[in-house]
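No lab work stands behind these numbers, since they all come straight from the coordinates. What you are looking at is a predicted structure, and each value in this text was computed from that prediction instead of being measured. Please note: Cβ atoms are built from the backbone with ideal geometry, for glycine as well, and neighbour counts cover all protein chains shown.
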Amino acid sequence: MAANLDALIDAVGQIRARIDALRARMRVHGLSTWIALSSDPHLSEYLPQRWQSRRWLTGFSGSAGTLVLTADFAGLWVDSRYWVEAESRLAGTGIEAVKASSAAGTALFDWLSQHVALNSDVGVDGTSLGLALARSIESALEKRGARLRPDLDLLEEIWPGRPSLPDAAVFERSGALESLQRCDKLAKVRERMAAAGAQWHWISSLDDIAWLLNLRGSDVPFNPVFLAHALVGASDVRLFVAPGKVAAPLAERLLADGVKIVEYGQAAAALGALGSGDVLLVDPRRVTHAMVHAVAAGVRIVEQINPTTLLKSRKTDFELAHVRSAMAQDGAALCEFFAWLEQALDRRERVTELTIDERVSAERARRPGFVSPSFGTIAGFNANGASPHYCATAESHAIICDATGCGNGLLLIDSGGQYETGTTDITRVVAIGSTSAEQRRDFTLVLKAMIELSMAKFPRGTRSPMLDSLARAPIWAAGIDYGHGTGHGVGYFLNVHEGPQAISPHLLPEPQTAMEPGMITSNEPGIYRPGRWGVRIENLVATVPAAPSEFGEFLEFETLTLCPIDRRCIDSTLLRPDEVAWLDAYHRTVRARLTALVAGAALAWLQRSTEPL
């Protein structure tokens with residue numbers, strides 16, 4: 001205990017020292033305020049170590065959050081997913097956890113428009129600042145007569161031994177796993193460029209580049225992508241990557257398709273060399289302020305969503321078939337895991353939240369085609385499950401069971417895998433020991449919400465945010481709500497979070513959010529009671545055509561995830577007959593699809609867990 005306390009005190013001291021060093025550099029450059037973002041030059045969700053500046057400054061490891069620093073204030077803006085974690089992590093550092101809704105950006109802009117020093121300069125690293133975000137910040141600063149300075153990287157001045165760029169090799173996808181070849185995808189993008197009147201298209205988002213060129217990498221945790229920019233022309237492509245990442249044989253194959261390898265650091269210069277009168281297509285939400293301002297004068301910029309973002313969201317029948325096989329392997333791994341967990345609890349083995357992560361990852365690693373987890377496993381027992389993005393650590397985690405006995409309550413496990421044939425993301429809540437009537441009620445309300453969305457039918461083109469209320473209705477009826485969105489897009493052996501669709505009240509219902517056949521989306525409503533427990537049930541669903549109607553095309557969801565839902569947590573008196581029928585039908589499908597993939601204890605667990613309700 002004393003050693004842990006000493007480590008905590010040391011960490012707090014380091015954070016205070018880093019904040020002091022940053023303030024000193026702010027004074028040197030005449031800045032009243034510094035904004036430290038959770039982003040990189042590709043606006044990725046998961047960042048290479050080099051751009052973990054907000055984490056390095058604050059010690060807060062959540063995937064989202066923005067630090068604002070002035071001479072006498074330090075605040076980290078976090079949404080409801082991280083309220084509890086941020087308060088705990090920032091204690092004693094002098095940094096305030098600023099609680100915002102899931103629309104955390106709006107709260108930040110409001111603060112800037114009211115508190116930034118009048119007529120002052122506000123600094124931010126423009127190479128990691130999204131163009132759309134920059135415009136919102138500049139608008140907020142105008143109200144104070146303040147100016148945005150995006151030309152500085154103060155972290156470079158104070159971060160000793162700052163990590164360099166990752167150097168892992170880029171690899172090519174097998175043709176047996178891709179329904180479209182590189183040249184076919186490029187042709188589709190060029191069609192959309194021509195429709196926009198653009199000879200050039202700039203792409204910085206890593207999953208868009210990986211999808212377009214049928215390439216993958218391992219530069220970013222959990223996502224099989226690599227650091228690169230791409231400039232797509234009418235007849236060629238320049239791929240900007242660090243030296244040595246693309247082996248000569250692959251470079252030759254790329255060149256045969258008109259893709260030339262260029263050094264990563266030359267990206268901005270290439271934009272500056274475009275000709276006067278050229279037209280460049282960029283996505284303002286997926287390109288940085290620095291890159292757009294590097295474009296040569298005289299080039300006309302057309303702003304539209306990246307064509308690749310729309311194209312890759314609509315999985316082909318070929319891709320969906322592969323995803324279904326990945327889901328079966330993932331479900332089999334989870335059967336092995338849950339069978340082990342059941343036996344470990346019966347034997348009073350030591351099981352902690354860290355053990356859960358280790359074992360579920362180990363079971364996935366045994367399945368064919370497994371590459372890596374698709375995100376860091378969330379395993380939260382009782383109160384820890386009430387934090388949607390909780391992360392157990394060696395210093396702080398719950399013991400679920402040991403030789404003295406097992407606890408009682410709910411264990412939430414949110415995990416996923418990257419397979420060569422697809423990306424998985426699943427949340428299950430299971431009973432440990434006895435559960436209370438209130439816990440079972442919460443679980444059943446969440447189950448009703450998940451089933452409601454699973455059974456939905458809607459016109460093709462329905463904006464994805466409009467579906468969110470379908471899932472919330474059973475939970476709202478009980479006077480309860482949850483802070484996160486209900487669903488996010490999922491890639492095909494790509495990022496576990498992708499767009500353009502999201503089933504969320506925090507997303508504007510713009511045309512590009514329309515639900516289309518082939519989209520894979522999560523379905524994950526929840527209920528969280530701080531200090532007590534959390535419930536979230538998550539399946540991935542594919543948008544598929546429904547039966548035709550005289551009123552036009554309709555869509556529905558095919559559930560892709562294959563894993564039993566814990567019937568011990570259900571209060572069946574709260575379920576309608578059609579909801580019971582859906583659950584029993586789902587469990588019949590799970591049993592039929594997984595029986596041939598498991599044996600022994602895992603098969604016995606599967607059979608018991610899929611009995612009719």
Self-check item: Debye log10 I(q)/I(0) for region 1-156, one point scatterer per Cα, at q = 0.15, 0.18, 0.20 Å⁻¹
Solution: -0.77, -1.12, -1.40
Exercise. Count neighbours as other Cβ atoms within 10 Å of each site's Cβ, and list the GluC sites (Glu not before Pro) in region 519-599 that are DSSP loop with at most 15 such neighbours.
Key: 550, 553
Quiz item: When the Cα centres of region 71-86 and region 313-330 are compared, how far apart do they sit, in Å?
Solution: 38 Å
Quiz item: If you find the alpha carbon centre of region 550-613 and of region 358-373, how far apart are they in angstrom?
Solution: 23 Å
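Please list the three semi-axes, largest first and in whole Å, of the ellipsoid equivalent to the chain, using sqrt of 5 times the eigenvalues of its alpha carbon gyration tensor.
Values: eigenvalues 303, 198, 110 Å².
Its equivalent ellipsoid spans semi-axes of 39, 31, 23 Å.
What does the helix-only formula give at 222 nm for the chain: each DSSP H stretch with n ≥ 4 adding -39500 (n - 2.57), the total divided by the residues, and the result rounded to the nearest 500 deg cm²/dmol? Write out the running numbers ahead of the final one.
Values: 18 runs with 217 residues, N = 613.
Calculated from helices alone, the mean residue ellipticity at 222 nm is -11000 deg cm²/dmol.
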Self-check item: For region 206-328, diffusion coefficient by Stokes-Einstein and Kirkwood Rh (Cα), 25 °C, 0.890 mPa s, µm²/s
Solution: 153 µm²/s
Quiz item: Among the chymotrypsin sites (Phe, Trp or Tyr not before Pro) within region 504-613, which fall in a DSSP loop and have no more than 15 other Cβ atoms within 10 Å of their own Cβ?
Solution: 551
Quiz item: Can you count the Lys pairs in the chain whose Cα atoms are under 20 Å apart, with each pair 8 or more apart or on different chains?
Solution: 9
